[in-house]
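Here is the structure we will look at.
The values are calculated or read from the model by the stated rules, or taken from the named source; none is laboratory data. Here the structure is a predicted model, which means the values were calculated and not measured. With ideal geometry, Cβ positions are generated from the backbone for all residues, glycine too; neighbour counts draw on all protein chains shown.
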Amino acid sequence: MVDLNFNKEFKEIDLLMKKRRALLLDLQVYMEQGTLKKGFSRGFFQYLNELSFKMLQGGEDYYALFLGDTLREIDFNLPFPTATLLKGSKIHFLFNPVTFLFLEEREAVAMIKHEILHILLKHHGRERILKNTYRKLAINLAMDIAVNQYINHLPSFVERISSVNMRFDLNLKTNETLEFYTEEIHQAILAQPKAVEELLDQGKVNYEEVHDRWVESEEEDSDEVQDKLKSTLLLAGRNGIPDEILRIVRGQLKGDIPWTAVLKKAMRTLPKGKKKTVTRVNRRQPERLDLRGELRNHVPDITVAIDISGSIGDASMNEFLKEILTLSRAYSESIRILECDNEVRRDYKIRSLQDMKPLLKRRGGTKFAPVFEYIRQENLRQTLLIYFTDGLGEEKLGLRPMHHKTIWVVKGERLSLKEPHGEVVYLKGKKEVQEAVSGIQVMRALLHDWAR
């Protein structure tokens, strides 16, 4: 029996190859005679549209939707197959047909991903800071290996961590920051000028120039650029976020509180029911060796309250979200989330990053008592409450908490309660640049717009 789906897929691949082959023939004429065939640009953009459609069909919809929300342009002088620019309310996606059309289909997709990850990792803005201190070649190599470690099927001419390590006798690992890579490569370049000559003389890509067009980008912190990034990322992520991007987020959004140690301490004092074990016989039927006994299960029941009142700024919410992500990685059970201001607005459970819902819009002032009243009503006596707030609430709760323990995580100068009935931890915040989605505007869009 003929597989109709296979035949359909084969025809689509064949049509894409025919379109690419025709464009390459037009390019050959252009390179020999200096004249570009009329309609070439339209044909090239049709090829991109068909390539995007294949990406949508093949599970690469995040990148296809992102590309579809950009202004695509042709630049025959581009030193690399692709580039991106951030200009006001538009993201410009540039292509050099001379190099891009020579890429196989999966290599072309890899280069589209390459440019999008540069944007997600905020490399356009961070490059501007780094170039005041480091050689441009070191920055360009560092930016590319920072994104290429998450991409498969890259063309042979792009640099990877393995090729940079071999070329400069380094031992760089994955999941390091752009700034770390830049410093290490910069020092290696100074120590090994011959390796630099070999890299620049290889004739494939001039890594001194690959990101030169970025100078035309506007500041990422401008309102127009922020709004465009947010809308594009929300559009791209409507069907979910790729695993490689989630890995970047998990690896880089690290909180300040040692949650593993905090939970270990809580486990010693807070039993939660029973768990089965083969190390004890069943107390009721000790002669039945096939029945398992029971031990106390010291896994704490955790409730996280998030203050979403109007006094919480973006920076504070960013810190809260980082801590919650770190907490969820340290805790294998489900976590109960309470969103609150002067009352509890929502109650749901999460087990991982993907379960986190967009935060409700911020409302009025802060009152701590409603959370404690809600916990009493829900009979959560054994819960460990972790309350994230800026500390600006009432001075007295009005009722004594009946649950096990409270940890106040405060992003502010002080907690207004005179008797907190628990431990108070202050978040000081960090000034250094974070690797992934360090701006709150990108973080919101990337992680399902949590902060609003």
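For this structure, a couple of remarks:
- For residue 341, the conditions (1) touching a Gly at 6+ places or on another chain (Cβ under 6 Å); (2) free of Cβ contacts under 8 Å to residues at least 60 places away in the same chain; (3) surrounded by fewer than 20 Cβ atoms within 10 Å (Cβ to Cβ) are fulfilled apart from (3).
- Which listed residue, of 356, 317, is over 24 Å from residue 392 (Cβ atoms), surrounded by 17 or more Cβ atoms within 10 Å (Cβ to Cβ) and in contact (Cβ under 8 Å) with a residue 40 or more places away in the chain: 356
- Residue, surrounded by the fewest Cβ atoms within 10 Å (Cβ to Cβ), within the stretch 371-420, restricted to residues that are of a type outside the set (Val, Ile, Thr) and assigned to a helix (DSSP H, G or I): 377
- Members of the stretch 194-224 that are out of contact with any His (no Cβ under 9 Å at 6 or more places or on another chain), of a type outside the set (D, E, K, R) and assigned to a helix (DSSP H, G or I): 195, 196, 199, 200, 215
- Entry remark, the stretch 323-338: residues being in contact with a Gly (Cβ under 7 Å, 6 or more places away or on another chain) and in a loop (DSSP other than H, G, I, E, B) number 0 in total.
- Hits in the stretch 196-239 - residues which are surrounded by fewer than 19 Cβ atoms within 10 Å (Cβ to Cβ), among the aliphatic types (A, V, I, L, M) and over 15 Å from residue 84 (Cα atoms): 200, 234, 235
- Some residue of the stretch 340-349 being more than 19 Å from residue 408 (Cα to Cα), at pLDDT 90 or above and aromatic (Phe, Trp, Tyr): yes
- Selected residue (criterion: farthest from residue 416 (Cα to Cα)) from residues of the stretch 339-370 that are among the charged types (D, E, K, R) and not in a loop (DSSP other than H, G, I, E, B): 355
- Output for the stretch 204-224, where each listed residue is within 25 Å of residue 79 (Cβ to Cβ) and either among the small types (Gly, Ala, Ser) or assigned by TED's automatic domain parsing to the domain that holds residue 322 (or both): 217
- Taking residues in the stretch 123-151 that are in the same structural domain as residue 167 (by TED's automatic domain parsing) and assigned to a loop (DSSP other than H, G, I, E, B), and partners anywhere that are buried (at least 24 other Cβ atoms within 10 Å of the Cβ) and basic (Lys, Arg), the pairs with Cβ atoms closer than 6 Å and at least 6 places apart or on different chains are 151/113.
- Among the residues of the stretch 371-394, none qualifies, meaning not one is more than 27 Å from residue 418 (Cβ to Cβ), in contact with a Leu (Cβ under 8 Å, 6 or more places away or on another chain) and either at pLDDT 90 or above or of a type outside the set (A, V, I, L, M) (or both).
- Test: residue in the stretch 386-402 that is within 20 Å of residue 424 (Cα to Cα), of a type in the set (A, V, I, L, M) and in contact with a strand residue (DSSP E or B) (Cβ under 7 Å, 6 or more places away or on another chain): yes
Table: residues versus (1) of a type outside the set (A, V, I, L, M, F, W, C); (2) under 31 Å from the mean Cα position of the chain (by Cα).
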residue: 378; (1), (2): yes, no
residue: 383; (1), (2): yes, yes
residue: 388; (1), (2): no, yes
residue: 392; (1), (2): no, yes
residue: 399; (1), (2): no, no
residue: 408; (1), (2): no, yes
residue: 414; (1), (2): yes, no
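- Qualifying residue in the stretch 250-261 (condition: of a type outside the set (Asp, Glu), touching a strand residue (DSSP E or B) at 6+ places or on another chain (Cβ under 7 Å) and either surrounded by fewer than 19 Cβ atoms within 10 Å (Cβ to Cβ) or at pLDDT 70 or above (or both)): yes
- Matching residues, the stretch 83-99, being polar (S, T, N, Q) and either within 22 Å of the chain's Cα centre (by Cα) or more than 15 Å from residue 204 (Cβ to Cβ) (or both): 84, 89
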